[in-house]
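The block underneath contains the structure these notes are about, expressed in structure tokens.
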Amino acid sequence: MMKIIKNANIYAPINLGKKDILIGSEKILAIQDHIEMNMDGVEIIDATDKIVTPGLIDQHIHITGAGGKQGFYSMTPEISVDELIRCGTTTVMGMLGTDGVVKSLKGLYAKTKALYQEGISAYMLTSYFGIPPLTILDNVMEDMIFIDTVIGCKIAISDERSSFPSATDLLRFLKDVYVGGSIGGKGGILHVHLGALDTKMDILFELVEKHHYPIKYISPTHVGRTKPLFDQAIRFAKMGGIIDISTGGTIYDEPYKMVLYALENGVPMDQMTFSSDGNAGMAKKDQEGNIIGFYPAPIDLNLEQVKKLIQTGGLKIEEAFKLITSTPAKNLSLSHKGIIKTGADADLCFFDAELNLTDVMARGNIKMKEQIII
């Protein structure tokens, strides 16, 4: 069924003003001042007084749950599509973490397919924290070429749980991602988990400055884990890289404050993203700092931090929403995502004047209406 969204105050994420949007076959077919269609089977959606943005992208989330850090009981569960819709997330990139044994790439692939069948868009990274890499087929390049949902590769550095890859190891990963992505018609990134060790991002600068590898293929995440790490990430972003700030994982300060600090230090807004690290295993600690249990990292903090940027930090809507729409889409080379334009996927979020999420559309279908999951 075709749909016409009337009188939407559109942030694409740039401010387009009040427009009508024609939706059909999961796509945005037209955006005009006024759209009228005198035919049966057209659903009219009144968006008067509503702010409409692209559907939100979470480019780092553990959709199959995360491995246990204190025995099997501490493993986190799979995520549900309703949980994602409730926080406006219409596109996810899932991945493995430390655990490449109990959690599997085949299970991750199956979960991306399940989420797609449930109405949203889901992609994944091949491999996990360590080396040698884990893959579905024979190697990273084959996964990039032949596995439709694979759009990059995972690796960890500066973490005691990593395999401490060398620059040569990372260059080989990057070659597979770049060449495999080129052959498979994808952009391709090496998504780099950053731990808290003193080596921080040193090896990533070596890749760019010594080996002259294009920075756009290197995607560091968890850059807000410590203040010294974030200061290094600022330098990386000013060199043209895109840095990813986790909202639900280990952080030294509130993510929205990190963004404001980065802006003050010359980082363009288009070089930063938020992701949740949702469903990662987070330690519960007592007053003495002893671990007494685990809980899944929240998945709903991306939007909360964007709202704080606007309502507390004073950023414009069109700037703040880039963190969870157009910039992650650029980082993942998903040109049909994270933007409201003719030909893009019909993923939309509807907000009231106070930026409370009221309705969600994913691939042209209403998934939440007046805060009730359909």
Dividing the alpha-carbon radius of gyration of the stretch 1-94 by 2.2 N^0.38 Å, where N counts its residues, gives 1.50
The ³J(HN,Hα) series, computed from each phi in the stretch 268-276 with the Karplus coefficients 6.51, -1.76 and 1.60 at θ = phi - 60°, rounded to the nearest Hz and given as x for glycine or proline, is x, 4, 6, 10, 10, 9, 9, 9, 7
Only helices counted: for the chain, with every DSSP H run of 4 or more residues adding -39500 (n - 2.57) and the sum spread over all residues, [θ] at 222 nm is -7500 deg cm²/dmol
Rounded to the nearest 10 degrees, the helix 105-117 long axis (Cα) sits at an angle to the longest Cα principal axis of the chain of 10 degrees
Relative contact order as a percentage, the chain, C-alpha pairs under 8 Å and 6+ apart, gives 20 percent
Fewest-first ordering of HIS34, HIS211 by Cβ atoms within 10 Å yields HIS34, HIS211
Once both label points are put 7 Å beyond Cα along the C-beta direction, the LEU197-HIS212 separation in nm becomes 2.9 nm
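Which entries in LYS50/LYS322; LYS200/LYS284; LYS111/LYS175; LYS6/LYS308 show an alpha-carbon gap greater than 23 Å?
LYS200/LYS284; LYS111/LYS175; LYS6/LYS308
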Once the in-chain neighbours fewer than 8 apart are removed, the aspartates and glutamates whose Cα is under 16 Å from LYS316 read GLU264, ASP270, GLU304, ASP352, GLU354
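Pop the C-beta distance of TYR252 and GLU370 into the FRET formula with R0 = 35 Å and round what comes out to the nearest 0.05. Before the final figure, lay out the partial values.
Values: r = 38 Å, r/R0 = 1.08.
Efficiency, rounded to the nearest 0.05: 0.40.
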Per the rule of 0.36 nm per residue minus the C-alpha distance, extending ARG161 to MET37 adds in nm 38.8 nm
Per the chain, sqrt(5λ) over the Cα gyration tensor eigenvalues, sorted largest first, in Å, gives 33, 22, 21
Residue span LYS238 to GLN311: 0.36 nm per residue of separation minus Cα-Cα distance leaves a gain in nm of 23.7 nm
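Rank-order 216-222, 74-80 by packing density, defined as the average count of other C-beta atoms within 10 Å over each peptide's residues, highest first. Before the final figure, lay out the partial values.
On the way: 216-222: 22.9, 74-80: 17.3.
Highest to lowest by the protection proxy: 216-222, 74-80.
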Taking Cα atoms only, helix 255-264 is inclined relative to the longest principal axis of the chain by an angle, in degrees rounded to 10, of 90 degrees
If R0 = 22 Å, then ARG172 and VAL101, at their Cβ-Cβ distance, give a FRET efficiency to the nearest 0.05 of 0.45
Between the modelled labels at LEU355 and LYS6 (7 Å from Cα along Cα→Cβ) the distance in nm is 2.9 nm
Going residue by residue through the stretch 307-314, the Karplus relation 6.51 cos²θ - 1.76 cosθ + 1.60 with θ = phi - 60° gives ³J(HN,Hα) values, rounded to whole Hz and with x marking Gly or Pro, of 4, 5, 4, 7, 7, 10, x, x
Whole-Å distance linking the alpha carbon centroid of the stretch 305-374 with that of the stretch 27-88 is 9 Å
The Rg/Rh figure for the stretch 218-374, Cα atoms and Kirkwood Rh, to two decimals is 0.99
At the level of C-alpha centres, the distance separating the stretch 248-277 and the stretch 141-156, in angstrom, is 27 Å
Each label sits 7 Å from Cα toward the beta-carbon; between ILE44 and SER80 the label points are separated, in nm, by 3.5 nm
Between the Cα axis of helix 227-238 and the main Cα principal axis of the chain, the angle (0 to 90°, nearest 10) is 60 degrees
When ASP148, ASP49 are ranked with the fewest other C-beta atoms within 10 Å first, the list becomes ASP49, ASP148
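No value in this document is a laboratory result; all are computed from the given coordinates. No experiment lies behind these values; they were computed from the predicted model shown. Backbone-built Cβ (ideal geometry, glycine too); neighbour counts: all protein chains shown.
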